[in-house]
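Values quoted throughout were computed directly from the atomic coordinates according to the rules given, and no laboratory measurement underlies them. Source: prediction; values computed, not measured. Don't worry about glycine lacking a Cβ; one is built from the backbone with ideal geometry, like all the others, and counts go over all protein chains shown.
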Amino acid sequence: MKIAMTLNKSNGKNTRSTWLEKLIVGTLAGCTLISVITTVVIILMLGKESAVFFTQIPFLDFILGTRWVPLLEPTSYGVLPLVWGTLLITFGASLIAIPIGLCSAIYLSEYASSRMRSIVKPILELLAGIPTVVYGYFALTFVTPLLKTIFPSIQVFNALSGAIVVGIMILPMIATLSDNALSAVPRSLREGAYALGATSFEVTTKVVVPAALSGVMSSFLLAISRAIGETMAVTLAAGATPNMSLTFLESIQTMTAFIVQISLGDTPAGGIAYQTLFAVASLLFLITLVLNIISQWLMNRYREVYDE
Amino acid sequence: MTSESKTTPIANYHGSESVLELRDVSICYSGNPAVQNVSLNIFKYNVTSIIGPSGCGKSTLLRSLNRMNDFIADVTIEGSIKFDGVELTGKEIDPVLLRRRVGMVFQKPNPFPKSIYKNIAWGPGINGYEGSMDDLVEHSLVQAALWDEVKDRLQDSALSLSGGQQQRLCIARALAMAPDVLLMDEPCSALDPISTSRIEDLIFALKSKYTIVIVTHNMQQAARISDYTAFMESGKLVEFDITNQIFTNPTEKRTEEYVTGRFG
């Protein structure tokens, strides 16, 4: 009887805790909803304004055109120079960050003592926390002058110093995420390899790295996606000249740097120049979205292997 | 408990040749003793079991025989462990070369996330094996009684095998290195009874070519498969003798209590 009474919902105390519970759940769900709604609104806005843009500029002219002159007559809306600028920066940054990041990760997970790890990892994370505008300044005031001593013909704004600082910027991401992936490889696997008379180098390169490969690849993709979306540093370092140059020594303009240029200028809302913002942003969003999806997929794949 | 002198009689017991000779071996983790003053001999082409309750130091002792303890920070080993007459704890000994001759199978099957074939070929491959790899893979799998089950799917992932098959693959992988000694650290503890009995049959068949040291929780297993049994407790070797003696007529009271299941 007593139990039945305390379990009864109409009991005064219990109803109070029930609505409190509902309020809490509601608040929590509301908070989650905010970010979901924001994402949806952004996507809708990008889609809507881009659609307006594409009613005036044929899609193929945009995606395949090689001249990007949106603000001066005669205008031309070929986005490829911006895409090329982004690719140049991303490629250069990856060339720097992937080997160095992977080597750091291997050192941290396989060779460093736990003391060394506890010192180096926070420093790496600190590097990740430096505001990107600082990297931009660092590129302009330190990297470019340094490069000028090697390449006297280099321009003040150039892709190379942009690529270098973006590389430094994404390096901690690759190092920490790859380190996590390598450290997640079970110790038993390493022991199995050592027991077969393998050296630590063989264990690392032939067992641990291949076993963690999808996690390592996923860290590369996330970092690349970060490099593609990087804005401040490349705007400051690489300039604002849409350019399909093959050398790293000239000024270029990335998709993000273009968005900054238009957003900061006095382009009136509603005009075609204004809508280019959304078209370029949509493209940027699509590229990073695809990379993030692939990276997520890779990450889940490698989790499956060890969960059993 | 007087454990120090328990090995001497056995050396005279059989005329068998010793592959490993341990004298006063003590192993400490960060100053905490895990193994204390253990002396025993491992005889060639015999199966030696190390039994004892959890945490008695039997795995630690086993792992000192191929220097797998090297990977644990702050471990110290005292005493002498001789392999073929050579002191293996010495700084000048390359543990990599030692492990090629003293193979190991672990508690949990740990095949590489590679194909069945590559799991076997990996060890010989990195060690510059020059013969026919296909033959070696087949031979190793036959020895591990796994060949018939996997011969048509050598390129499948080793992770697609059952637990028992994975463990036999790990044994095959160790055998492919043609070791002198095979160390087994509770190789059946993660397996079902049928897989366990297959591995026991396998151990029995392998001892004509290999010297086997097996750590086990399972006393019946030790009684079934081993020629010699060492009983350890709290890091000390309580008794070491031929298996039959340990299980039917042990000298030490603690051994009798343990093997009759009165404690542990």
Would you kindly derive the ³J(HN,Hα) couplings of the stretch B:127-138 from the backbone phi angles with the Karplus curve 6.51 cos²θ - 1.76 cosθ + 1.60 (θ = phi - 60°), listing them in order in whole Hz, with x for Gly and Pro? 9, x, 5, 10, x, 6, 5, 4, 5, 5, 4, 4
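Using the beta-carbon distance between residue A:76 and residue B:130 and R0 = 45 Å, what value does 1/(1 + (r/R0)^6) give for FRET efficiency, to the nearest 0.05?
Given R0 = 45 Å and the Cβ-Cβ separation, E is 0.10.
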How many nm separate the modelled label positions at residue A:23 and residue B:142, each set 7 Å beyond the Cα in the direction of the Cβ? 7.8 nm
Taking R0 as 41 Å and r as the Cβ-Cβ distance between residue A:63 and residue A:142, the FRET efficiency 1/(1 + (r/R0)^6), rounded to the nearest 0.05, comes to 0.65
So the compactness index of the stretch B:8-259, its C-alpha Rg divided by 2.2 N^0.38 Å, takes the value 1.00
May I ask you to work out the translational diffusion coefficient for the stretch A:69-307 at 37 °C, viscosity 0.692 mPa s, via Stokes-Einstein with Rh from the Kirkwood sum over Cα pairs, reported in whole µm²/s? 170 µm²/s
Exposed-loop-free span, longest in chain A, where trypsin sites (Lys or Arg not before Pro) count as exposed if DSSP calls them loop and at most 16 other C-beta atoms lie within 10 Å: A:68-308
Find which of A:217, A:245, A:276 sits farthest along the positive direction of the dipole of the stretch A:190-299, computed with +1 on the beta-carbon of Lys and Arg, -1 on that of Asp and Glu, about the Cα centre. A:217
Students often forget the sequence filter, so: which aspartates and glutamates lie under 14 Å Cα-Cα from residue A:148 once same-chain residues fewer than 8 apart are removed? A:250
If each residue of separation counts as 0.36 nm, what is the full-extension length gain between residue A:262 and residue A:41 once their alpha-carbon separation is subtracted? 77.4 nm
Once amide H atoms are placed 1.01 Å from N in the peptide plane, what residues at a sequence separation of 5 or more from residue B:236, or on another chain, have their amide H within under 5 Å of its amide H? B:36
Pairs of Cα atoms under 8 Å, at least six residues apart: use those to get the relative contact order of chain A, whole percent. 23 percent
Rounded to the nearest 10 degrees, what's the angle between the helix B:163-175 long axis and the longest principal axis of chain B, both from Cα atoms, 0 to 90? 90 degrees
How large is ³J(HN,Hα), in whole Hz, for each residue of the stretch A:148-159 in order, when computed from phi with the Karplus curve 6.51 cos²θ - 1.76 cosθ + 1.60 and θ = phi - 60°, using x for Gly and Pro? 4, 5, 8, 10, x, 7, 5, 7, 4, 9, 8, 5
Using the Cα centre of chain B as origin and beta-carbon charges of +1 (Lys, Arg) and -1 (Asp, Glu), tell me which of B:113, B:18, B:69 is placed farthest towards the positive end of the dipole. B:113
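Run through the stretch B:50-104 and list the GluC sites (Glu not before Pro) located in a DSSP loop whose Cβ has at most 16 other Cβ atoms within 10 Å.
Those satisfying the criteria are B:92.
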Would you mind ranking B:70, B:135 by Cβ crowding within 10 Å, fewest neighbours first? B:135, B:70
Could you state the orientation-averaged shadow area of the convex hull built on the Cα atoms of the stretch A:14-151, in nm² to one decimal? 17.7 nm²
Longer than 25 Å from Cα to Cα, which of B:207/B:236; B:82/B:236; A:121/B:58; B:82/B:253 are they? Say none if no pair is. B:207/B:236; A:121/B:58; B:82/B:253
